[in-house]
Amino acid sequence: MFEKFIPVEVILLAIETSCDDTAAAVLEGGRRVLSSLVSSQDEVHRKYGGVVPELASRRHMENIVPVVKGTLKEAGVDFDELGGIAVTRGPGLIGSLFVGLSTAKAIAFARGIPFVGVNHLMGHLLAIFLEREVPFPFIGMVVSGGHTSLFLVEDFLRFRSLGATRDDAAGEAFDKVAKALGLGYPGGRIIEELAARGDPHAIAFPRPYLEGSFDFSFSGLKTAVINYIRSHRIGEDEVPHVAASFQEAVVDVLVKKALWASARFGVGRVVVSGGVASNGRLRERFLEEGRKEGIEVLFPSPRFCTDNAAMIGVAGYHLLKAGRRDPLDLNATSRWPLGREDGP
């Protein structure tokens, strides 16, 4: 029988395998990161221009044990010192999730310690706490390859969903446009590098603001860029201008939506996380526009923006601290809307 509440300075193992990165981390007290390792699969999926789910889950099976052992070794911690385990339960690729969840349950059973399944989006929203304290409430934006979402974050366990992507997420649009330009994968970093040499106002691509809604839709913008590429003979010198104009359109939408939500709910603080939050132009524009509006904009460090297990550890710590315990027959879920029901 587990104790209802865990010690404040408990040492947690966290595991994240929601997509194509195998990650593990060891945290003390839900914030101090003793170690954090991520094994990337970019080389596996590059020739396909995107993540192939079956290949991702197979590679997770190869990587999970070495990554977990390596993380514990780097932290100078052994299994006997763990007080709990946090693992991504969803949303994500179901095969990938199964690998991480099964590993976490096996360790929890063998060591007789509690474990908790964590919503991947909750991890991103709380990643900022790995590096600093942020007063509640705040507007939380998650921007990644699979998600473009807005939340009103009221405390560690209360999240009000304001809007989400209706089709292509921002990161997904970056990958698809990069593929159309023949730039390779992953597209976000490549387009950002090219855009630095281009004119962001060279081509007037549409801005899908969806007026009156906090939802996002980047499918039409992606299609507009692809149609432009197909209908024009794009020379090598023009590719940076296409990249910069596309990137600026995405950034305009993300910045306007987040600051609009901040004004609408009277919350003077916005936290932007997720892989796309590593984009330099996005950070620059957010900070610039935030200053104009008197809104504080915060970002986790790039290493905590992309998928990592440390952020899952933060979320798992607060769930366990509040008394949440999951059974060993807990299943993974590819879809898991984040909202108030995700509290303990």
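Against the main long axis of the alpha-carbon atoms of the chain, helix 239-264 sits at an angle near 60°.
With a 10 Å cut-off between alpha carbons and a GNM built on the chain, which of Pro300, Pro135, Pro53 moves the most? Its mean-square fluctuation being the largest, the pick is Pro135.
Taking every DSSP beta bridge that has both ends in the range 134-299, the antiparallel portion is near 60%.
Amide H to amide H distances under 5 Å link Gly84 with Leu13, where only residues 5 or more positions off or on other chains count and H is placed in the peptide plane. Going from the residue with the fewest nearby Cβ atoms within 10 Å to the one with the most, Phe304, Phe98 rank Phe98, Phe304. In the chain, what is the count of Lys pairs whose alpha carbons are under 24 Å apart, counting only pairs at least 8 residues apart or on separate chains? Pairs that pass both the separation and distance tests number 16. Placing +1 on the Cβ of every Lys and Arg and -1 on the Cβ of every Asp and Glu, with nothing else charged, gives the chain a dipole about its Cα centre of roughly 420 debye.
Annotation: for a label point projected 7 angstrom from Cα along Cα→Cβ of Ser213, residues of the range 143-183 with backbone N closer than 19 Å are 143-144, 146-152, 161-173. Taking the fewest neighbouring Cβ atoms within 10 Å as the starting point, the ordered list for Tyr317, Tyr185, Tyr228 is Tyr228, Tyr185, Tyr317.
Taking a ≥ b ≥ c as the square roots of the Cα gyration tensor eigenvalues, with a/c under 1.5 meaning rounded and otherwise prolate when a/b beats b/c, else oblate, which class fits the range 134-299? Here the range 134-299 falls in the prolate category. Evaluating 6.51 cos²θ - 1.76 cosθ + 1.60 at θ = phi - 60° for every residue in the range 306-311, the Karplus couplings come out as 5, 4, 8, 8, 4, 5 Hz, glycine and proline recorded as x. By the beta-carbon count within 10 Å of each Cβ, the least crowded to most crowded order of Val77, Val270, fewest first, is Val77, Val270. Computed from backbone phi with θ = phi - 60° and the Karplus coefficients 6.51, -1.76 and 1.60, the 3J(HN,Hα) list for the range 130-135 is 5, 10, 6, 8, 10, x Hz; x is used for glycine and proline. Going through (1) 32, 56, 12, 0; (2) 25, 53, 20, 2; (3) 31, 61, 8, the figure that equals P(r) over Cα pairs in 20 Å bins from 0, in percent as computed for the structure here is (1). Remark on Val118: its backbone amide H falls under 5 Å from those of Val87, Thr88, Arg89, Gly90, a criterion applied only to residues 5 or more positions apart or on other chains, H modelled at 1.01 Å from N.
Evaluate E = 1/(1 + (r/R0)^6) for Asp155 and Arg32, where r is the Cβ-Cβ distance and R0 equals 22 Å; express this FRET efficiency to the nearest 0.05. Step by step, r from the Cβ atoms, then E = 0.60. Less than 5 angstrom separates the built amide H of Phe216 from those of Ala164, Thr165, Arg166, all sequence-distant by 5 or more or on a different chain. Across the range 320-327, computed HN-Hα scalar couplings (Karplus, 6.51 cos²θ - 1.76 cosθ + 1.60, θ = phi - 60°) run 5, 4, 7, x, 6, 9, 9, x Hz from first to last residue, x flagging Gly and Pro.
No lab work stands behind these numbers, since they all come straight from the coordinates. Values in this document were obtained by computation on a predicted structure and should not be read as measured data. Please note: Cβ atoms are built from the backbone with ideal geometry, for glycine as well, and neighbour counts cover all protein chains shown.
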